[in-house]
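Take a look at the structure below.
The values are calculated or read from the model by the stated rules, or taken from the named source; none is laboratory data. Keep in mind the model is a prediction, meaning the values are calculated, not measured. Because the Cβ atoms are built from the backbone with ideal geometry, glycine has one as well, and the counts that use them run over all protein chains shown. Surface areas here come from the heavy atoms of the whole protein model, side chains and all, with no ligands, DNA or RNA. Shrake-Rupley method; radii C 1.70, N 1.55, O 1.52, S 1.80 Å.
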Protein chains: 2
Amino acid sequence: MVRATLRDVARLAGVSVATASKALNGQPQVRASTRERVMLAASQLDFSPNALAQGLITQRTGTVGLLTSDLEGRFSIPILMGAEDAFGTDQTSVFLCDARGDGIRERHHLRALLSRRVDGLIVVGARPDSRPSLGRDLPVPVIYAYAPSEDPRDLSLVSDNEGGGRLAVDHLIRCGRRKIAHITGDASYGAAQDRARGALARLTEEGLEVAGGEVWFGMWSEAWGRGATRMLLERCPDVDAVFAGSDEIARGVLDVLHEERLDVPGRVAVVGYDNWNILVANARPPLTTVDMNLEQLGRVAAQRLFAAIGGTLGSGVEKFPGKLVTRESTAPLR
Amino acid sequence: MVRATLRDVARLAGVSVATASKALNGQPQVRASTRERVMLAASQLDFSPNALAQGLITQRTGTVGLLTSDLEGRFSIPILMGAEDAFGTDQTSVFLCDARGDGIRERHHLRALLSRRVDGLIVVGARPDSRPSLGRDLPVPVIYAYAPSEDPRDLSLVSDNEGGGRLAVDHLIRCGRRKIAHITGDASYGAAQDRARGALARLTEEGLEVAGGEVWFGMWSEAWGRGATRMLLERCPDVDAVFAGSDEIARGVLDVLHEERLDVPGRVAVVGYDNWNILVANARPPLTTVDMNLEQLGRVAAQRLFAAIGGTLGSGVEKFPGKLVTRESTAPLR
DNA sequence: TACGTTCCTGAAAACCTTTTCGGCGAGCCG
DNA sequence: CGGCTCGCCGAAAAGGTTTTCAGGAACGTA
């Protein structure tokens, strides 16, 4: 299949390429009848403009680079989807690059993207701790999503984990719970710390202590959720709510509560974190959880980037609130 | 930051652009000392060639389009990763487009990709049933992955579900199991039918009938896995193995077996399907499962596409065998 | 008739690179 | 010393589009 160029369209319509270009781009200085002839010719030839030539001359390619560090991770995908649909299909296309967490590979990708003249970049981190900046002297705007840049002059969009922890505990308090425990993941994750801080702050406001006397840091796994819950029940048998630092952990918690014949939510309420559908929907009972609104984060990242192209970008770290999604694992205490 | 062009490099090196180009591209007809001067100039200016201009003239952009229908789905991602790393980072960049299962949107994306002059396309379906062809008169090669094209003249790469079902049952038989049940998902999925067919074929070879008298089609959910298992245990209490059509279903199966205090794998062995890490690793016990080798499928898709660029593509449906990943949910019967 | 306006069209430059081909100088042979 | 080859370099065309600017036609006015 041979592709038609603007020349072919112009020839068929009996005009010059200049006029054909103007006609197709809606420039005003072309007679209506001429425009029609050109449009007709274009559709007859199934003409579609060569984006390379366009980009070469306009200095705008209508492409952005999405640089991620963990494709398999569940966090980049929603962000990526948000970004993908914020850029309309006709306007902007997205280059996807997975650096696999490797700095060298990241530099390679960066170089390739710049040589393709992307209009902007979104960098999606693998975990919500800060990461090295790509540098300040790039010829295109860059937005960091999920994982903030170490350089405060960059613009980063992150999830508000402290707010999320607060949200979860607040909900449990409103359900009348007073003995609230917090089982969460690896203490070296900023996210774990932040969520715990938010949770504790809300407890303190209410004049409560965390059940079990401490936050249970451990691992982001069901097994840890199970183990921690067993220890928790031993130390504090009258616990009436557990805020889990992830849905995985929450699944483990539910599992043990189920084994121990402790009714959820009648006896103990459970809140997870992430709203990871496969886990929460299949849980018994379906899990109340905190959704980080990552698609929204992705959408906003795309919009900000779009606005910044040509102009200039803000800086600093912008936090996005999560939202609580209630399901059957929480309910008011009768 | 201002970008250097080849002109700038040439000027700095004191040669013409033609020579500069040849020097940087390793063409033989340039003196070593000259080449060195050019390379030095290029690195001083941090020159990186404009890929648009290159593409315009060479008619090769070094980009491919990845057209998927469900980004959130767990099947496109591994394929995407495989493809991503088969194309080296310097060589090829990938445009990611999610059509959200919408045909109109797909046409839009297709048009955009063609106008960007991608060198080829990979189409990743959402479910493993055949999907409409993009058409035969495209100016670039197209490979369908996971979901085959309806048009047999297209080239499709799919997972061998029948072989996978056979694999699972074969393993159970080798473990000495004789009462093997099959609980699987929606019967309208070709994948469910194929896996069941493979499973039954292997049973028949062994002179066995499926335990419970029939294949239990239902839904791709844990809840169905639980429900079906309860019914199964009622109808056939001496079942000694369950082959589940997905890891989700398998989780439900394990859950009920656990409730009923039936030891896994001592009393009943369980095999899942998909090797979905979050589910299998956290299962109690960790789940033996069939891995569809999707990354490999993605890699091969990329390689085939690469080979086809310029040349011509094969046609028909090529099936990729899965592999059994054994964990603790299966073991020989003592 | 001469001239100024308004509308539309087209020639040409520009974007940046690759590739072809002609030419220049040097070295070699007769 | 003439002519040849060989090695290296540069001028120019090509790729497809957008945009500027000049100019032509038609029309109205003085």
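Couple of notes before you dig in:
- Filtered residues of the stretch B:9-20 (kept if buried (at least 18 other Cβ atoms within 10 Å of the Cβ) and more than 7 Å from DNA strand D (Cβ to nearest atom)): B:V9, B:A10, B:L12, B:A13, B:A20
- Set A:L203, A:L208, A:L157, A:L114: member being closer than 30 Å to B:F47 by Cβ and of a type outside the set (D, E, K, R): A:L114
- For B:R74, the test of being more than 11 Å from DNA strand C (Cβ to nearest atom), assigned by TED's automatic domain parsing to the domain that holds B:L305 and farther than 24 Å from A:L114 by Cα is passed.
- When the test is whether a residue is more than 14 Å from B:T326 (Cα to Cα), of a type in the set (G, A, S), open to solvent by 10 Å² or more (accessible area, probe 1.4 Å) and assigned to a helix (DSSP H, G or I), B:A307 passes it.
- When the residues of the stretch A:21-56 are filtered to those that are among the polar types (S, T, N, Q) and near DNA strand D (Cβ under 8 Å from one of its atoms), the one that is least open to solvent (accessible area, probe 1.4 Å) is A:S48.
- The stretch B:102-132: number of residues that are within 13 Å of another protein chain (Cβ to nearest Cβ), in contact (Cβ under 8 Å) with a residue 24 or more places away in the chain and part of a loop (DSSP other than H, G, I, E, B): 4
- Any hit, the stretch B:251-269, residues being within 14 Å of chain A (Cβ to nearest Cβ), over 28 Å from the mean Cα position of the chain (by Cα), under 29 Å from A:V256 (Cα atoms) and among the hydrophobic types (A, V, I, L, M, F, W, C): yes
- All of A:T61, A:T68 fail the test of being within 16 Å of DNA strand C (Cβ to nearest atom), of a type in the set (V, I, T) and touching an Asp or Glu at 6+ places or on another chain (Cβ under 7 Å), apart from A:T61.
- Per-region count, the stretch A:4-26, residues touching a residue at least 24 places away in the same chain (Cβ under 8 Å) and more than 8 Å from DNA strand C (Cβ to nearest atom): 8
- B:F75, sole failed condition from (1) crowded, with 19+ Cβ neighbours inside 10 Å; (2) within 8 Å of DNA strand D (Cβ to nearest atom): (2)
- Residue in the stretch A:6-22 that is under 40 Å from the mean Cα position of the chain (by Cα) and not in a helix (DSSP H, G or I) present: no
- Candidates A:G125, A:G120: the one that is among the small types (G, A, S), touching a Gly at 6+ places or on another chain (Cβ under 9 Å) and crowded, with 20+ Cβ neighbours inside 10 Å is A:G120.
- Those helices (runs of 4 or more DSSP H) lying entirely in the stretch B:27-101 with at least 1 residues at the interface with chain A (Cβ under 9 Å from one of its Cβ atoms) and in contact (Cβ under 8 Å) with a residue 24 or more places away in the chain: B:51-58, B:76-86
- Among the residues listed as A:R60, A:R3, the single one being open to solvent by 30 Å² or more (accessible area, probe 1.4 Å), under 43 Å from the mean Cα position of the chain (by Cα), within 30 Å of A:V124 (Cβ to Cβ) and of a type in the set (D, E, K, R): A:R60
- Every residue from the stretch B:278-307 that is more than 19 Å from B:L80 (Cβ to Cβ) and touching a residue at least 60 places away in the same chain (Cβ under 8 Å): B:T288, B:V290
- Subset of the stretch A:148-176 [in a loop (DSSP other than H, G, I, E, B) and crowded, with 24+ Cβ neighbours inside 10 Å]: A:P148
- Flag for A:G176 being at pLDDT 95 or above, closer than 30 Å to A:L233 by Cβ and not acidic (D, E): yes
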